[in-house]
Amino acid sequence: MANPWSGEVAIRIDGERHVLKLTLGALAELEARLEAEGLVALVERFESARFSTRDVLALILAGLRGGGWQGGPRDLLSAEIEGGPVAAARAAAELLARAFALPDTAPDAMPDAMPNAEQSR
């Protein structure tokens, strides 16, 4: 089971359950992959529902790597994510929100999507 207290999100890829987590190293890898855009721009895109499939895959990959997965971007290109693109986008948004959630947030109050700008400050 994924632990929302530690920022984890579960997802099924090719029928196998994976736990995604944005560790500091995974965030650094994500930031490098996004190049000049950075994490703030990524968060803004998710908050305004203007994210791309590239954003979703970058987050899923970073979360998988943070969870200990050894695969790479090419492995995800042909992977089957249970629930399709909508489930992948939901998992990416939850992963990003949980990575930056305050520690005193109750697990049942964890966001299903990115909090709006006022809630994240």
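Binning at 10 angstrom from zero up to the longest distance, how are the C-alpha pair distances of segment 1-78 distributed in percent?
Bins of 10 Å from zero give 19, 51, 30, 1 percent of pairs.
Measuring from label point to label point, each 7 Å out along Cα→Cβ, what is the F100 to A28 span in nm?
2.0
Take L39 and A79, extend 7 Å from each Cα along the Cα→Cβ direction, and tell me the distance between the two endpoints in nm.
Result for the modelled spin labels: 2.1 nm.
Take R45, R12 and sort them by solvent-accessible surface of the protein heavy atoms, 1.4 Å probe, largest at the top.
Output order, biggest surface exposure first: R12, R45.
For I81, what residues show an amide H to amide H distance below 5 Å, using hydrogens built from the backbone and excluding near sequence neighbours?
D14
In what sequence, largest accessible area first, do E29, E44 appear using a 1.4 Å probe?
So the residues, ranked largest to smallest area, are E44, E29.
The values are calculated or read from the model by the stated rules, or taken from the named source; none is laboratory data. As the structure is a prediction and not an experimental result, all values here were calculated from the model. Cβ coordinates were reconstructed from backbone atoms using ideal geometry, including for glycine residues, and neighbour counts include every protein chain displayed. Surface areas here come from the heavy atoms of the whole protein model, side chains and all, with no ligands, DNA or RNA. Shrake-Rupley method; radii C 1.70, N 1.55, O 1.52, S 1.80 Å.
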